[in-house]
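Have a look at the structure below, then the notes.
The values are calculated or read from the model by the stated rules, or taken from the named source; none is laboratory data. It should be emphasised that the depicted structure is a prediction, and the values quoted were computed from it without experimental measurement. No Cβ is skipped: glycine too gets one built from the backbone with ideal geometry, and neighbour counts run over all protein chains shown.
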Amino acid sequence: MRKNELEQTQHSRSLQVSTRTQHPLLSNLSEFSLAPPSPQNAWIIDELRRWESPPINFAKDQTPRHIEGWKTRYMEGWRILQKLAALPFAVPSCQPRREPKLIKHIEIIHTNTGHLNHKPNPLHVMEDLLRAREDGVHISTVNSILGGPADHISVGMMMTSLIFSGVGCRSDPVEEVTQIGALTIPTSSSGLGTVDILPERFKVCTKTVYERTVCKQRNAEKKKSKKMPLVQPFEVPLWASCIVPVGAITSPHTDYSGCSQLIQHIQGRKLWLCWPPTPHNLDTYLRKRLSGSIGLSTEDAIDLLQDMELLLLDEEQTCFTLPGGTIHAVVTLTPSCHIGLKLWRVEDLEVARAMSKIQLEHMNQRITLDRSTFDFCQNYFADLKGEVEYWKELERKNAEDNEKICRWISESEEMLKHIDDHLLCKQPNLGTN
Ligand SMILES: O=C(O)CCC(=O)C(=O)O
């Protein structure tokens, strides 16, 4: 047992007597852990209560086949929240309108958007979603019940799922109960491109680079604003938004290939579970993900990964950074949306290197890869290719750490030069996986 785990256990033992009287549900949690639950985590029980309420609990006591998937999800969320509430040590957390407690890895930039003249809202996200559809831009769509991609789903079905998840299909046994979310909706000039959300500190910083896109007015918009001066194409931060229905659970994963993300929460109640990219955590998560199985479940992550931090978000528009390589899982308690912006920072460099090293080692050890692992590796290195351009920009901007960044760029380029052949010879036979 590591030192801080030992301290946490001792600390919770000394609280044993008061724990039992703190919250009525705490006494039922003893079956989840030998040590008594920490009263510091009692706030999670309120979230468990929410999870046990409509519309999320609608499938709990029903048996029709078409809601089996929903029921499984419901039970998974219930077990996750129970497990968290039963932990015998105080989990570092950030909760609405409370001082963050013990949070070290996640950096809270601000806890609301009171300082902004124009605030981001779900309408901006919907505008961007519709624009992406009109322009034929690919967005990642996921079916949270099946835990996989849902690329064939129309925007109409997605919107229906957002509105009616958990309430709409009860009486129609033919209709599947859907739970569809969209994960990468790009900024457009009629949506989030109209709001300046980026905190000043990221605009004027030699230590950080953020992803950008050129925002162009479309012909229809130009016609509408005939009397207005013509707006020249302009560069904006390339926020990508994410819209998720009630009751969704996103399993532990890392995003991209080492860059950080700035996340601006827009609306909804959700719980983020975050684990820092320590060597133990990266190794445990990546080896499981690369072993061809379905990956690490949230429940296993709570047991196996170290130094978890929890972030509970509600209508306060909190902004925070998710440092490169952060493993995260999300439980959504009401329909919600947020936006993310990729950031490149010198402090992410070692994590980017460690992640690539594990992926390469793993690929070298295996003769063939199954379809899911092959896609995972391919996406990882495709992302890395795009990220190298931003590392180059950071290198030009940051004289102080120039040498370090240069070394990482040439390592990445060397890796990428070999990766195509390496990956191609491990490509699974189509149709067999
Ligand atoms: O909100 C969710 O369920 C998933 C969000 C997420 O994992 C992300 O934005 O990277």
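Pairs are defined by a Cβ separation below 6 Å, a sequence spacing of at least 6 or placement on different chains, a first member in the range 109-122 that is farther than 14 Å from residue 96 by Cβ, and a second member that is part of a loop (DSSP other than H, G, I, E, B) and of a type outside the set (Phe, Trp, Tyr); the pairs so defined are 109/199; 118/195; 119/113; 120/195; 120/197.
If you go through the range 264-295 and pick out every residue that is of a type outside the set (Lys, Arg), surrounded by fewer than 22 Cβ atoms within 10 Å (Cβ to Cβ) and within 14 Å of the ligand (Cβ to nearest atom), you end up with 3. Taking the criterion of being within 12 Å of the chain's Cα centre (by Cα) and away from the ligand (no atom under 11 Å from the Cβ), the only residue of the range 251-261 that qualifies is 260. Residues of the range 58-81 that are surrounded by fewer than 19 Cβ atoms within 10 Å (Cβ to Cβ) and more than 22 Å from the chain's Cα centre (by Cα): 60, 61, 62, 63, 64, 65, 66, 68. Name the single residue that is surrounded by the most Cβ atoms within 10 Å (Cβ to Cβ) among those in the range 82-100 being over 18 Å from the mean Cα position of the chain (by Cα) and not in a loop (DSSP other than H, G, I, E, B). The residue in question is 84. Here residue 128 fulfils each of the conditions (1) crowded, with 19+ Cβ neighbours inside 10 Å; (2) outside the structural domain of residue 333 (by TED's automatic domain parsing) apart from (2). Within the range 318-338, the set of residues being more than 10 Å from the ligand (Cβ to nearest atom) and closer than 17 Å to residue 245 by Cβ comprises 333, 334, 335. Tell me which of these residue 315 doesn't satisfy, since it passes every other one: (1) modelled with pLDDT under 95; (2) within 12 Å of the ligand (Cβ to nearest atom); (3) closer than 17 Å to residue 108 by Cα. If we test residue 315 against (1) modelled with pLDDT under 95; (2) within 12 Å of the ligand (Cβ to nearest atom); (3) closer than 17 Å to residue 108 by Cα, just (2) comes out false.
If I ask for residues that are more than 27 Å from residue 72 (Cβ to Cβ) and within 15 Å of the ligand (Cβ to nearest atom), which ones from the range 179-196 would you list? Walk me through it before giving the result.
In the first step, residues of the range 179-196 are kept if they are more than 27 Å from residue 72 (Cβ to Cβ); the result is 185-196.
Within the range 179-196, 185, 186, 187, 192 meet the criteria.
Looking at this structure, is residue 250 farther than 29 Å from residue 116 by Cβ, among the hydroxyl-bearing types (Ser, Thr, Tyr) and modelled with pLDDT of 90 or more? When the stated conditions are applied, residue 250 does not pass them. The single condition among (1) within 16 Å of the ligand (Cβ to nearest atom); (2) closer than 30 Å to residue 95 by Cβ; (3) in a loop (DSSP other than H, G, I, E, B); (4) modelled with pLDDT of 85 or more that residue 116 does not meet is (1).
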